[in-house]
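Enquirer: Here it is, the structure, as structure tokens.
The values are calculated or read from the model by the stated rules, or taken from the named source; none is laboratory data. Keep in mind that this is a model prediction, so the values were computed, not measured. Counting neighbours? That spans all protein chains shown, and the Cβs are built from the backbone with ideal geometry, glycine included. Ligands, DNA and RNA are excluded from the accessible area calculation, which covers all protein heavy atoms including side chains. Shrake-Rupley method; radii C 1.70, N 1.55, O 1.52, S 1.80 Å.
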Amino acid sequence: MEKGSMKLDGYFNLYGVIISIVLIGITATEIFELAELPFEKFFAAVSVGSLFSFSVSIVSKSGYLGVFGLMTLESTFIPIPSEVVLPLSGYLVYLHTFSLPLIVADAVLASMVGSFIDYYLGLVIGRPIIVKILAFFYVKEDSLVRAENWIDKWGASSVFFARFIPGVRSLISIPAGMLKMKVWIFALMTFLGSVIWSTVLIYIGLRAGPYWSSAVHSFSVILDQIIIDAIFIACLIYVGYFIYLKISSRTNTSY
């Protein structure tokens, strides 16, 4: 414990204190509204709201092909959240950029393609190489083990239910291939699960259409305030602990 504490103490130095004091000054100015900072307008532009608008623009311009590419990658082991892509696609249905039947079909077809890529990787390559590939994409072996346990416990139905479980959904196809699950059963379970998952998330995005802008704006304001408060408190703790270390070292030296 003492060695770990000494390593941690090494991160508390004069340079860190100087940076912390500057950040305390900036965040305190914002929290207590002492003055308007010269770069406030810049940071206001780079907000959750602007990122949301940027995301909508990107998906809108990339069209059905862009959604197909993202959902294909999501259905492999690459960590792209369909929980973001699909509701966003639903919002674009609300804006009349996409057609509801076409975007659902697009997402389901992409899910099938991505799932079969993983299925045949598991069938042909084998576990040791797959673990190395997953590590390259920062996916831990534990996630693969969890997917394997699902199949061991639930059999073919695990492919269907896994479509609704984050983390397991994108990896379930690999052990299905390794265990040589029948292709038609795998295809059926994947199709049914993908239809339900894609339809529900896209429909949620569609129904939430009128509220997206106001919700994103409210969330952006709250998040910005939380970040500022967190930086202010963290910097105070840093400076306080640095002072504590200095006082402690002088006390120990005097003894």
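Enquirer: For the range 97-118, which positions are modelled with pLDDT under 90 and either loosely packed, with under 13 Cβ neighbours inside 10 Å or among the hydroxyl-bearing types (S, T, Y) (or both)?
Expert: Correct list: T97 only.
Residues checked against (1) touching an Asp or Glu at 6+ places or on another chain (Cβ under 7 Å); (2) closer than 20 Å to M189 by Cβ; (3) not β-branched (V, I, T):
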residue	(1), (2), (3)
E74	no, yes, yes
I78	no, no, no
E83	no, no, yes
S89	no, no, yes
L92	no, no, yes
L95	no, no, yes
L100	no, no, yes
V108	no, yes, no
G114	yes, yes, yes
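Enquirer: Please indicate, with yes or no, whether at least one residue in the range 39-47 is surrounded by 14 or more Cβ atoms within 10 Å (Cβ to Cβ), of a type outside the set (G, A, S) and either assigned to a helix (DSSP H, G or I) or at pLDDT 70 or above (or both).
Expert: No, there is no match, as no residue in the range 39-47 is surrounded by 14 or more Cβ atoms within 10 Å (Cβ to Cβ), of a type outside the set (G, A, S) and either assigned to a helix (DSSP H, G or I) or at pLDDT 70 or above (or both).
Enquirer: Can you give me the number of residues within the range 149-163 that are outside any helix (DSSP H, G or I) and open to solvent by 10 Å² or more (accessible area, probe 1.4 Å)?
Expert: Adding up the residues that qualify gives 2.
Enquirer: If only one of W184, W197 is touching a helix residue (DSSP H, G or I) at 6+ places or on another chain (Cβ under 8 Å), at pLDDT 85 or above and part of a helix (DSSP H, G or I), which one is it?
Expert: W197
Enquirer: Return the residue satisfying two criteria in turn: it lies in the range 145-181 and is of a type in the set (D, E, K, R) and under 20 Å from V104 (Cβ atoms), and of such residues it is modelled with the lowest pLDDT.
Expert: R169
Enquirer: P210 - would you say it is touching a helix residue (DSSP H, G or I) at 6+ places or on another chain (Cβ under 8 Å), at pLDDT below 75 and surrounded by fewer than 16 Cβ atoms within 10 Å (Cβ to Cβ)?
Expert: So P210 fails the test.
Enquirer: Determine the pairs where a residue that is at positive phi, located within the range 155-169, has a partner that is in a loop (DSSP other than H, G, I, E, B) and surrounded by 15 or more Cβ atoms within 10 Å (Cβ to Cβ) with Cβ atoms under 7 Å apart, the partner being 6 or more residues away or on another chain.
Expert: Note: no pairs meet the criteria.
Enquirer: Taking the condition at pLDDT below 80, open to solvent by less than 50 Å² (accessible area, probe 1.4 Å) and within 28 Å of H96 (Cβ to Cβ), does V216 pass?
Expert: yes
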